[in-house]
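J.: Okay, here's the structure, questions in a sec.
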Amino acid sequence: MFKTLKRIIGWCGEFKGKLYAGFVFSFFSHLFAAMPVMVAAYTVGLLLASAQKETAFDRKWAGISFGVIALLVILRFFFDYMRSRFQEAISYELVAKDRLAIGDALKRVSLGYFQKNSTGDILNSITTGLNTLENMGIRMIDNFVGGYLNFLVIFLSLLVFSPLTALIALVGAAVSFLFLLLVSKHSVRNAPREAEAGRKLSGAVLEYARGLPTVKSFGQGGASMQSMKEAARENRDIRLKIEYGFTPANCGHLLALKTASVFLAAAACFLALAGSMEMPVMLMFVFFSFGIFGSLEPVSDSAHVLGIINTAMDQIDALKEGNYIDRDGKDIVLSNFGIEFCHVDFGYGEGNNAGRTVLKDVSFTIPEKTSTAIVGPSGSGKTTICNLIARFYDVQAGSIRVGGHDVREFTCDSLLKNISMVFQNVYLFHDTIRNNIRFGRPDATEKEVIAAAKAARCHDFIVSLPQGYDTVVGEGGGTLSGGEKQRISIARAMLKDAPIVILDEATASIDPENEHLIQEAISELTCGKTIITIAHRLATIENADQILVIDGGTVAQKGTHKELLEQEGTYREFVRIREQAEGWQIQ
């Protein structure tokens with residue numbers, strides 16, 4: 001519990017001053033909340049004493065006491081307002097920074113990180129974990145610290161008038177604290193299980209939502225719900241188990257405080273009857289006995305939530321302090337854009353868990369300002385080569401050099417600013433078409449955006465849309481056809497105007513009528529750049545300066561289209577099959 005409190009204070013960083021100032025304001029707020037009770041009790045005591053002795057009550061004091069109470073109430077709310085001003089905004093400031101830090105961290109990890117950690121895990125940490133910190137972090141520490149500050153104020157007041165009653169209050173608080181330690185221990189032990197159940201539920205919901213088109217097409221709605229039902233049941237069961245385990249210790253905590261309140265009131269009455277305490281003071285103690293522990297009772301919730309917060313902070317730290325692929329990278333400015341693979345071995349996974357080897361002893365050179373086509377059977381490693389050039393993953397052996405520098409020397413940003421990529425599976429953001437095209441160059445002018453769209457042969461269908469370039473596409477580009485999405489992604493890559501262009505099946509979803517136009521546009525706008533193309537269509541690859549034939553994770557053949565046709569091997573067979581499929585004849 002104290003470890004988590006210390007951790008939250010450390011998390012506050014530059015806002016620690018505001019946090020501590022909030023504690024000071026909280027102390028005075030509680031002080032001025034206790035003092036009106038003392039004044040009111042003392043005044044009532046004077047009234048009763050006056051009635052018993054049949055003496056006149058000083059009416060002047062009644063006015064003074066009313067004014068004092070009003071002033072104390074105003075001061076209490078003033079200091080409470082100041083506490084809120086200083087403390088309440090801290091968590092929102094910090095969580096906003098954490099969200100940006102996590103976003104920066106996720107773009108710097110290997111894509112293998114997302115194979116090892118499901119989207120549900122990451123989403124749960126970013127949403128549920130950060131929301132827990134945002135809504136409860138500072139509030140719980142204020143409840144805990146503020147609760148005991150309030151008790152301290154009243155305890156000191158009791159100590160001035162009667163050490164015995166102060167001792168009773170202290171014993172009650174100490175016994176309740178022992179139960180709080182049990183609450184905290186229970187929470188710390190079970191919070192990871194609760195978080196794991198939450199992650200499974202998030203993952204199951206995401207999987208269900210993503211798979212709905214397939215589910216509907218096969219009419220398997222009941223079967224697809226099974227994993228989500230199991231995750232929901234598990235989440236319910238663990239939360240009920242935590243609540244049932246939390247209840248006994250919480251009841252012990254409350255019982256200790258209520259018992260101490262009864263003993264405190266009884267002690268005050270006993271001292272008054274014995275003549276050791278005046279009537280006004282006795283009434284003050286009786287009043288205090290009902291509210292002295294009011295600030296400590298909710299602390300059990302804080303002790304419970306602190307365990308959850310600690311687990312949430314573990315998750316957030318794991319995301320922010322991930323194994324950055326460019327941890328030792330530098331910002332390097334290139335003057336040459338040639339690419340070289342030197343004896344590269346690679347398998348998806350990490351370390352000894354690399355799994356099946358995808359590339360084995362791959363070596364080749366792509367000279368600057370030339371075009372290279374990569375062909376080969378499905379699963380041979382073509383896309384993997386492109387992913388390694390962009391350093392989405394790190395090789396297990398060998399090296400990849402861009403512009404004479406090993407890609408492991410770069411930061412991700414300094415490497416990728418030199419590369420434009422068009423993927424086979426296009427992703428468009430839930431934004432306007434204009435902003436999707438402009439994504440690679442946010443400062444591009446409207447004229448440049450339209451020029452790129454025209455070159456990619458997507459301007460005509462864009463202007464035919466109701467809102468034109470202001471049309472908002474659905475998440476992932478779901479409101480557009482595959483060909484339309486691919487042309488927009490080509491326009492995006494063209495606009496970025498990077499010196500290295502990677503096209504992974506960039507024309508796979510383009511209709512034959514437009515394919516030659518796209519090829520012309522690509523040829524025109526990538527002139528003078530280093531081009532890497534993965535394709536299965538002959539029209540896309542036959543004019544390349546170099547063709548790499550990848551088979552079984554190795555470079556089986558290398559040369560121009562003409563040179564490779566003269567050789568026995570995979571490429572000639574590939575051309576024969578493609579010509580038959582496309583109805584062409586070798587001349």
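J.: Going through the range 379-426 one residue at a time, which ones are farther than 22 Å from Ala535 by Cα and among the basic types (Lys, Arg)?
T.: Arg401, Arg408, Lys417
J.: Something else now. Filter the range 439-451 for residues that are crowded, with 19+ Cβ neighbours inside 10 Å and either without any contact (Cβ under 8 Å) to a residue 24 or more places away in the chain or of a type outside the set (A, V, I, L, M, F, W, C) (or both) and give the result.
T.: Gly440
J.: Now, a different point. Give all pairs with beta carbons closer than 8 Å in which a residue from the range 555-571 that is loosely packed, with under 14 Cβ neighbours inside 10 Å meets a residue that is modelled with pLDDT of 85 or more; count only pairs at least 6 apart in sequence or on separate chains.
T.: Correct list of pairs: Gln567/Gln557; Gln567/Gly559; Gly569/Val549; Gly569/Ala556; Gly569/Gln557.
J.: Any residue at all in the range 50-70 that is at positive phi and either part of a helix (DSSP H, G or I) or loosely packed, with under 13 Cβ neighbours inside 10 Å (or both)? Break it down into steps so the answer makes sense when it comes.
T.: Initial filter on the range 50-70 (at positive phi): 54.
In the following step, the residues that additionally are either part of a helix (DSSP H, G or I) or loosely packed, with under 13 Cβ neighbours inside 10 Å (or both) were identified as 54.
Yes, the conditions are met somewhere in the range 50-70.
For (1) surrounded by fewer than 17 Cβ atoms within 10 Å (Cβ to Cβ); (2) in contact with a strand residue (DSSP E or B) (Cβ under 9 Å, 6 or more places away or on another chain), each residue gets a yes or a no:
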residue	(1), (2)
Phe429	yes, no
Ile437	no, no
Ala453	no, no
Thr479	yes, yes
Gly482	yes, no
Lys485	no, no
Ile490	no, yes
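J.: Next question. With the requirement that a residue be over 9 Å from His536 (Cα atoms) and among the small types (Gly, Ala, Ser), what does the range 364-378 give you?
T.: Correct list: Ser371, Ala373, Ser378.
J.: Still on this structure, please answer the following. Condition first: under 16 Å from Ile389 (Cβ atoms) and either out of contact with any Asp or Glu (no Cβ under 7 Å at 6 or more places or on another chain) or modelled with pLDDT under 80 (or both). Now tell me which residues in the range 519-543 satisfy that. Step through it out loud before you land on a result.
T.: At the first step, the residues of the range 519-543 found to be under 16 Å from Ile389 (Cβ atoms) are 526, 529-534.
Within the range 519-543, Thr526, Lys529, Ile531, Ile532, Thr533 qualify.
J.: Taking Ile74 as meeting all but one of (1) more than 36 Å from the chain's Cα centre (by Cα); (2) surrounded by 14 or more Cβ atoms within 10 Å (Cβ to Cβ), write down the number of the exception.
T.: (2)
J.: Given the conditions (1) more than 25 Å from Ile141 (Cβ to Cβ); (2) of a type outside the set (Asp, Glu); (3) touching a His at 6+ places or on another chain (Cβ under 7 Å), and given that Phe161 satisfies all but one, which numbered condition is not satisfied?
T.: (3)
J.: Can you list the helices (runs of 4 or more DSSP H) found entirely within the range 382-465 that contain at least 2 residues being of a type in the set (A, V, I, L, M) and over 21 Å from Tyr324 (Cβ atoms)?
T.: On the way: elements: 382-389, 412-416, 433-437, 446-455, 459-463.
In the range 382-465, the matching helices (runs of 4 or more DSSP H) lie at 433-437, 446-455, 459-463.
The values are calculated or read from the model by the stated rules, or taken from the named source; none is laboratory data. What you are looking at is a predicted structure, and each value in this text was computed from that prediction instead of being measured. Note that each Cβ is placed from the backbone with ideal geometry, even for glycine, and that neighbours are counted across all protein chains shown.
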